[in-house]
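For reference, the structure is listed below as C-alpha cells.
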Amino acid sequence: MNELLTKMFFGGFVRLHVLYHAVKEPIFGVEMMEELGRHGYDVGAGTLYPMLHQLEEAGYLTSHVEVVAGKQRKYYRATPEGAAALQEAKSKLSELVSEVLHDKPPRPSIKSDPPPGNGRKPKS
C-alpha cells in the first residue's frame, strides 16, 4: 500500500476502527493489530501504540492493566466521550459514504432560524 496514501487518509479510518471496537468491549494492542490486518491495514506496534496513547490522552479511551498468562496486558475501553465522538463520526461518515460512494449530494442542513419576513418573496 502506498505509504503517503496511508498517512494522508487511513490513519483516521484506523482510529475510528479502534474506537468502534473499544466502545463494544475492552481491546488490547496485539488483538487490534490482528483485527486491522483482517481489513487490509498493516499497522505495526510503532503506529498503533502511540495512536492508543493519543486517544487516551484526548479522553476517548481509558486503560487498565491485567496479568494474562503471567504477563501484563494493557486493555483499552472507550470513555463516554469516546462513545459520543464515535457517534458523531458515524454520522459524518454516513454522509461521506453516501456522497463519495453513491454520488448523492449532501442533505441541506436544517436551520433553526425562520426566514426573514413571512417567507414569501416581495412583490415587484
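Every read-out reported here was derived from the displayed coordinates using simple, explicitly stated rules and does not represent laboratory data. These figures come from a predicted structure and were not determined experimentally. Note that we place each Cβ from the backbone using ideal geometry, even for glycine, and neighbour counts take in every protein chain shown.
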- request: Would you be able to say whether some residue in the stretch 85-101 is free of Cβ contacts under 8 Å to residues at least 24 places away in the same chain and surrounded by 15 or more Cβ atoms within 10 Å (Cβ to Cβ)?
  value: no
message: more than 14 Å from the chain's Cα centre (by Cα), buried (at least 16 other Cβ atoms within 10 Å of the Cβ) and more than 16 Å from Val14 (Cα to Cα): is that true of Thr79 in this structure?
response: no
